[in-house]
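Taking it in order: structure first as structure tokens, then the write-up.
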Amino acid sequence: MTARVLITDPIAADGVQVLEQHLQVDTRIGLKGQELLDALPDYDALIVRSETRVTADVIRAGTKLQIIGRAGVGVDNIDVNAATERGIVVVNAPTGNTISAAELAFGLMLSMARNIPQAHGSLKQGQWRRNEFVGVELRGKTLGVVGLGRVGSELARRAATFEMKILAYDPFISEAHAHNLGAEIGTLEEVLRRSDFISVHTPLTDATKSLLGPAELALCKPGVRFINAARGGIIDEQALLDAVESGHVGGAAVDVFTKEPIDPANPLLKSDKIIVTPHLGASTEEAQTNVAVDVAEEVVAVLQGRAARYAVNLPRVTAETMKATGPYMPVSDICGNVVTQL
Ligand code: NAD
Ligand code: MLT
């Protein structure tokens, strides 16, 4: 019988076409709550972006599920541990939207430095207020990059061509990687104290939630400007607003929020010095096609018994292997953490 895949968030048509060549595809955008739980037992695969919350309950309901695909990078909307315990492979599409996300972060940095959104809004209202929108150059400034992974590295590359100095904090990368990008490695405190712009590019985990809160913002250079195109809450939202309103932080540019779609009461909407976009980092034609095709190919491969390239909960395993080894993963995870600490 042909395996069945359920898609609950919009993905590009090219990805759907790949799936349709091999599987029975049902697209039910926005399916959630009891309706999602009721539908899942019929499916071998589930594909989402960031909107569908794939909780432990959802995973339990997917009694036939072999694979959950995320058309994008962040898997913070998926309970990966619950999937692992049930032997379900979770895959993402980690490379397809890197350039788009880095370009958005760079665009936000330039927009903020030159007050472009504020000037645009003012001029559209018929006002000619040149003196109010005096900005700063990027040249010669220090860009602090927190998280020098795929997106952080591409941002660093672009910033270097604008003659910025790059100072990075990332406890998990090698000096050689930073060196190749022309970046200096520092502690988080050094990045905070020395940077003129700080852009965060970590995943959202227990360790990075509120990584930058009131105490960290207080350490920064007066006038520092922040960019967050990674995940809402890595920079504490209320602390950021307070620091902008006090004048200690010169501005911020934010693409991602703790609650999405955004709560109208979100503190970041309250200041003109904070520019915002509605989670547009991966919203380009290229990125959407890339991630949809990548995740579709992964799902087809795993359902055909081949290994996944981008398994989040095990490197290159078949669904069959995952069924057998998945239940032991939490133990090996703990052992790995102990070894790392030792
Ligand atoms: P990545 O895994 O390649 O890079 C993340 C980096 O963060 C890694 O180098 C890792 O070592 C580092 N890191 C992890 N924990 C850290 C910590 N506590 N302190 C400092 N560094 C830490 O991921 P990526 O593809 O570069 O994506 C980065 C972030 O951007 C993710 O949160 C992703 O979901 C998000 N993203 C957002 C958009 C968007 O639409 N706005 C698009 C793409 C990616
Ligand atoms: C991602 O993690 O890939 C991004 O946030 C993009 C998205 O899902 O829209």
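The values are calculated or read from the model by the stated rules, or taken from the named source; none is laboratory data. All values derive from a computational prediction rather than experimental measurement. Note that we place each Cβ from the backbone using ideal geometry, even for glycine, and neighbour counts take in every protein chain shown. The accessibility values were calculated without ligands, DNA or RNA, using every heavy atom of the protein model including side chains. Shrake-Rupley method; radii C 1.70, N 1.55, O 1.52, S 1.80 Å.
Quick one: with all protein chains in place, what share of the accessible area of segment 178-249 is carbon or sulfur, to the nearest percent (1.4 Å probe)?
51 percent
Would you list which lysines come within 28 Å of residue 64, measuring only between C-alpha atoms, while excluding same-chain residues fewer than 8 positions from it?
Of all the lysines, those that pass the test against residue 64 - Cα under 28 Å, at least 8 places apart if same chain - are 32, 323.
Got a number for the accessible area of residue 274? Probe 1.4 Å, square angstrom, nearest 10.
10 Å²
In square angstrom, what is the accessible area per residue of segment 238-283 with a 1.4 angstrom probe?
Averaged over the residues of segment 238-283, the accessible area is 47 Å².
Testing the spin-label approximation: label points 7 Å from Cα along Cα→Cβ at residue 320 and residue 24. State their distance in nm.
Using points 7 Å along Cα→Cβ, the separation is 2.4 nm.
Could you quote the convex hull projected area for segment 66-114, Cα atoms only and averaged over all directions, in nm²?
4.0 nm²
Which value, to two decimals, describes the C-alpha radius of gyration of segment 222-291 once divided by 2.2 N^0.38 Å?
Compared with the compact-globule rule of thumb, segment 222-291 sits at 1.17.
Please report Rg over Rh for the chain, where both radii come from the alpha carbon positions and Rh follows the Kirkwood definition.
1.00
With the crude spin-label approximation of a point 7 Å out along Cα→Cβ, what separation in nm comes out for residue 335 versus residue 60?
It works out to 2.9 nm between the two label points.
Any idea what Rg and Dmax come out to for segment 250-342 if you just take the C-alpha atoms, in Å?
Answer for segment 250-342, Rg first and Dmax second: 20.1, 54 Å.
For the chain, take the longest principal axis of its alpha carbons; what is the angle in degrees between that and the long axis of helix 98-113, to the nearest 10 within 0 to 90?
The two axes meet at around 20 degrees.
Check each of the trypsin sites (Lys or Arg not before Pro) in segment 212-286 and keep only those in coil by DSSP with at most 15 other C-beta atoms within 10 angstrom; list them in order.
Listed in order of number, the matching sites are 259, 270.
In what order, largest first, do 286, 189 sit by accessible area if the probe radius is 1.4 Å?
Greatest to least solvent exposure: 286, 189.
Please state, rounded to one decimal and in Å, the Kirkwood hydrodynamic radius that segment 178-319 gives when every pair of distinct Cα atoms enters the mean of 1/r.
Across segment 178-319, the inverse of the average 1/r is 17.3 Å.
Considering only protein heavy atoms, what per residue accessible area in square angstrom results for segment 99-182 with a 1.4 angstrom probe?
57 Å²
In terms of the ratio Rg/(2.2 N^0.38 Å) built on C-alpha atoms, what value belongs to segment 100-234?
Ratio of Rg to 2.2 N^0.38 Å for segment 100-234: 1.09.
Could you work out the Kirkwood radius for segment 139-203, taking every pair of different alpha carbons, averaging 1/r and inverting it, reported in Å?
Roughly 11.1 Å, rounded to one decimal.
Ignoring ligands, DNA and RNA, what percent of the 1.4 Å accessible area of segment 1-156 is carbon and sulfur?
47 percent
If you project the alpha carbons of segment 106-166 onto the principal axes, what extent comes out on each, in Å, largest first?
Reported extents, whole Å, longest axis first: 42, 21, 17.
Which lysines have a Cα less than 24 Å from the Cα of residue 221, not counting those fewer than 8 places away in the same chain?
141, 165, 209, 270, 273
If I take all pairs of Cα atoms in segment 6-144, what percentage of them are more than 24 Å from each other?
For segment 6-144, the share of Cα pairs beyond 24 Å comes to 49 percent.
With each label point set 7 Å from Cα along the Cα-Cβ vector, what nm distance links residue 130 and residue 259?
If labels sit at residue 130 and residue 259, their model points lie 4.4 nm apart.
What are the ³J(HN,Hα) couplings of segment 277-293, residue after residue, when phi is run through the Karplus curve with 6.51, -1.76, 1.60 and θ = phi - 60°? Round to Hz, x for glycine and proline.
9, x, 6, 9, x, 9, 8, 10, 4, 5, 5, 5, 5, 4, 5, 5, 5
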